[in-house]
Every structure is written in structure tokens, then in C-alpha cells.
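Accompanying notes for the structure given below.
The values are calculated or read from the model by the stated rules, or taken from the named source; none is laboratory data. Note that the structure is a prediction, hence the values are computed from the model and not measured. We place every Cβ from the backbone using ideal geometry, glycine too, and count neighbours over all the protein chains shown. Protein only, heavy atoms only, side chains kept; ligands, DNA and RNA dropped before computing areas. Shrake-Rupley method; radii C 1.70, N 1.55, O 1.52, S 1.80 Å.
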Amino acid sequence: MKLSSNEAISLIKAHENSHAERVYLIEHQLAVGNAAGRIAKALGMDEDKAKALGYIHDIGKVFCEDVKRNRGLAHGIRGYEYIRSLGYDEEYARICILHSYLNNDIDCLSGDITDRNGEAFEFQYNYVTNHPYDDYEKLINLCDLMCTNKILTVDKRMMDLLIRHGVFKTTHYHILETMKLKEYFDQKLGYNLYNLFPEVKENL
């Protein structure tokens with residue numbers, strides 16, 4: 001079953017409450033989806049699909065006890081299972097897993113994985129390693145790394161993640177792959193993708 005952007009918004013807002021971090025999470029998902037949609041439209045991709053994927057990428061965090069922390073494995077698998085349980089196609093569910101990891105590498109993320117045992121890790125490791133990312137998945141990777149609850153430059157978003165998560169042994173690798181991903185979409189567009197986001201200047 002396909003997932004429209006309007007349905008995706010309904011899914012994430014169904015978990016909205018007055019908790020400040022939960023409200024911020026929804027704002028972040030909306031920012032990612034809207035940014036992805038704008039880039040997708042400029043590239044002639046399916047704008048609505050890109051928005052839907054962006055809107056739900058972090059939906060698994062609503063099933064985690066502490067939404068302030070980067071619960072990489074937990075929120076990825078819970079989001080995947082939730083979207084599949086609703087009958088939506090694999091192409092939507094898997095974004096919940098893939099969005100955290102660049103370059104088909106489960107070690108290329110902004111935080112760290114402390115628990116590498118168990119079926120959850122094995123499932124996500126195999127998924128990330130063996131699934132060739134398409135441009136929609138790469139786009140959500142990038143937009144997640146450009147958005148807090150508003151659109152930022154990649155370098156400012158990287159600083160945000162460093163301040164909140166700290167520095168890990170793979171941080172340098174993750175930053176390099178993020179910059180490569182931004183360059184990938186610049187080349188596909190034929191211009192700097194920041195040109196699509198004049199509001200970036202206001203968010204510096």
C-alpha cells in the first residue's frame with residue numbers, strides 16, 4: 001500500500017502531545033519532508049513520495065521512552081515495524097532504518113552504537129549493508145542532516161549534532177560522507193541546492 005504525504009502527516013500528528021520534545025520531533029519530521037519535497041520537485045522526482053518519506057523517517061522515536069536521545073537501533077526498527085504493521089509498502093517502512101546511516105555503512109552515523117548484539121542489530125546491519133540506496137533514500141539522508149525544526153546549511157547542522165551527541169570515532173567519516181552526499185545532489189541539480197532554500201540565510 002502506498003503512503004501519501006497527507007497520510008504521513010496524519011500518522012505523525014496522531015502521536016503529538018504537549019511534551020516539548022515530542023512537538024519538536026514532529027516539527028523536525030515536517031522540516032525534513034518539506035525540504036525533501038522541494039529538492040525532489042526540482043529534480044523531477046515524485047515530490048509527494050519524498051515528502052511522505054521525510055515525514056515518517058523518525059516516527060519510531062515516539063515508541064522510545066526518551067525522544068531526546070539518539071536511539072539509533074531502537075527508533076529505526078520500531079518505526080519500520082510500525083509502518084509495516086499498518087500495511088504500507090516496504091519502500092516506506094525501510095526509510096525508518098536507512099535514514100540514520102550513510103554509505104551503506106551502519107557505522108556511518110552521527111552517534112554511536114553501543115549494543116551490537118541481538119536480532120535487532122543483525123537485522124538492521126544486514127538491511128543497511130545489502131540494500132542499494134535509491135535517490136529518495138539518499139535524499140532523506142541528506143535532508144535529515146540539513147534540518148532541525150528548520151532548514152540549515154549542512155555545516156551548521158553538523159555543529160548542532162556535535163554539540164548534542166558529542167564526538168565519536170566515526171564522526172570525521174560521517175561528516176565527510178555528509179558533504180559528499182550534498183555534492184551528489186548539487187551535481188544532479190546542476191547548481192548549489194541551497195539556491196532552493198533562500199530561508200537558509202535567515203537561519204544562519
When (1) at pLDDT 90 or above; (2) open to solvent by 50 Å² or more (accessible area, probe 1.4 Å); (3) under 23 Å from Arg164 (Cα atoms) are applied to Val32, the one that fails is (2)
List, please: which pairs have Cβ atoms under 9 Å, are six or more places apart or on different chains, and start with a residue in segment 1-16 that is more than 15 Å from Arg84 (Cβ to Cβ) and end with one that is open to solvent by 50 Å² or more (accessible area, probe 1.4 Å) and modelled with pLDDT of 95 or more?
Ser4/Asp48; Ser4/Lys51; Ser5/Glu47; Ser5/Asp48; Ser5/Lys51; Asn6/Asp48; Ile9/Lys51
So Ile113, is it more than 30 Å from Lys41 (Cβ to Cβ) and in contact (Cβ under 8 Å) with a residue 12 or more places away in the chain:
yes
Contact list please: Cβ distance under 6 Å, first residue in segment 87-98 and over 13 Å from Tyr136 (Cα atoms), second residue open to solvent by less than 10 Å² (accessible area, probe 1.4 Å) and not β-branched (Val, Ile, Thr), pairs at least six apart or on different chains.
Tyr88/Leu3; Ile97/Gly76; Ile97/Gln124
Assess whether Ile151 counts as being touching a Leu at 6+ places or on another chain (Cβ under 6 Å), within 20 Å of Ala40 (Cα to Cα) and at pLDDT 95 or above.
no
Residues Asp160, Asp134: which one is of a type in the set (Asp, Glu) and open to solvent by less than 40 Å² (accessible area, probe 1.4 Å)?
Asp160
Failed criterion for Lys180 (all others in (1) in a loop (DSSP other than H, G, I, E, B); (2) under 20 Å from Val32 (Cα atoms); (3) not small (Gly, Ala, Ser) hold):
(1)
Exactly one of Ile77, Ile83, Ile95 is in contact with an Asp or Glu (Cβ under 8 Å, 6 or more places away or on another chain), of a type in the set (Val, Ile, Thr) and either at pLDDT 90 or above or open to solvent by 70 Å² or more (accessible area, probe 1.4 Å) (or both), and that residue is Ile95
Taking the stated definitions as given, is Arg22 modelled with pLDDT under 95 and either touching a Ser or Thr at 6+ places or on another chain (Cβ under 6 Å) or open to solvent by less than 60 Å² (accessible area, probe 1.4 Å) (or both)?
yes
